[in-house]
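Working notes, beginning with the structure itself.
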Amino acid sequence: MTQGKNAVSAGKMAEDMVRHSLERAGFVDLAGVLPKRDYKDARMGWFANSLKAGIARSKDFGNKFFLEQVTIRESIYGNPVKIDFVCHSDRLHNGLVIECKTQSVAGSVDEKYPYTHLTLEKIATVNDCKAAFFLGGGGARQCVYDYLSKQRSNSFAFFNEQAELLKYLKLPNNDRLMSNEPV
């Protein structure tokens, strides 16, 4: 397998872990309910309204939903960016965006993580929502984990273990983990 195929495969594993965590926390994937054309180029406010409409369409889902690979027009450069997960529940105020990355060995890809962090912060600010960054694989340099851990705030959470993410998703008030305090 080529290096590129390995990276894609590892990325899909990280997304699978997050999807599994969302489902274990009671979130339902709306991909089968909303046609992709309805959310492929979205803004968070639209997303929250669409999810509330989804609640009205089917009471079977409860109030926790997510969609994958949603394009949002708020990268730090002003370009559209595809977000791995966009989530909504009543306690998440205006929603939660989750971006997944994985790295199995140290390398220059570490330099891309501040871009991801800053883009997530911008999305959270523009949409008055929360953002989370899940970094799997265990291969990033320690300085990356240190940097991202220090960025935790009321709007940004960082996780490098599935158990941390699941705990966060299940907390009645998830603001407790959106701080610089160790998990």
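The values are calculated or read from the model by the stated rules, or taken from the named source; none is laboratory data. Since we're looking at a predicted model, the values are computed, not measured. Heads up, the Cβs are rebuilt from the backbone with ideal geometry, glycines too, and the neighbour counts pull from every protein chain shown.
Please determine, by comparing only the residues of region 139-165 that are among the small types (Gly, Ala, Ser) and in contact with a strand residue (DSSP E or B) (Cβ under 9 Å, 6 or more places away or on another chain), which one is nearest to Asp110 (Cα to Cα).
Filtering first and then ranking leaves Ala140.
Only one of these conditions is not met by Leu96: (1) touching a residue at least 40 places away in the same chain (Cβ under 8 Å); (2) in contact with a Ser or Thr (Cβ under 9 Å, 6 or more places away or on another chain); (3) of a type in the set (A, V, I, L, M, F, W, C). Which number is it?
In the conditions (1) touching a residue at least 40 places away in the same chain (Cβ under 8 Å); (2) in contact with a Ser or Thr (Cβ under 9 Å, 6 or more places away or on another chain); (3) of a type in the set (A, V, I, L, M, F, W, C), Leu96 misses (1) alone.
Report, by residue number, each residue of region 101-124 that is hydrophobic (A, V, I, L, M, F, W, C) and modelled with pLDDT under 90.
Answer for region 101-124, where residues must be hydrophobic (A, V, I, L, M, F, W, C) and modelled with pLDDT under 90: Val105, Ala106, Val109, Ile123, Ala124.
Residue-wise test of (1) without any contact (Cβ under 8 Å) to a residue 12 or more places away in the chain; (2) within 22 Å of Lys167 (Cβ to Cβ); (3) out of contact with any Cys (no Cβ under 7 Å at 6 or more places or on another chain); (4) among the charged types (D, E, K, R).
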{"position": "Asp110", "(1), (2), (3), (4)": "no, no, yes, yes"}
{"position": "Asp128", "(1), (2), (3), (4)": "no, no, yes, yes"}
{"position": "Ala131", "(1), (2), (3), (4)": "no, yes, yes, no"}
{"position": "Leu135", "(1), (2), (3), (4)": "no, yes, yes, no"}
{"position": "Ala140", "(1), (2), (3), (4)": "no, yes, yes, no"}
{"position": "Asp146", "(1), (2), (3), (4)": "yes, yes, yes, yes"}
{"position": "Gln151", "(1), (2), (3), (4)": "no, yes, yes, no"}
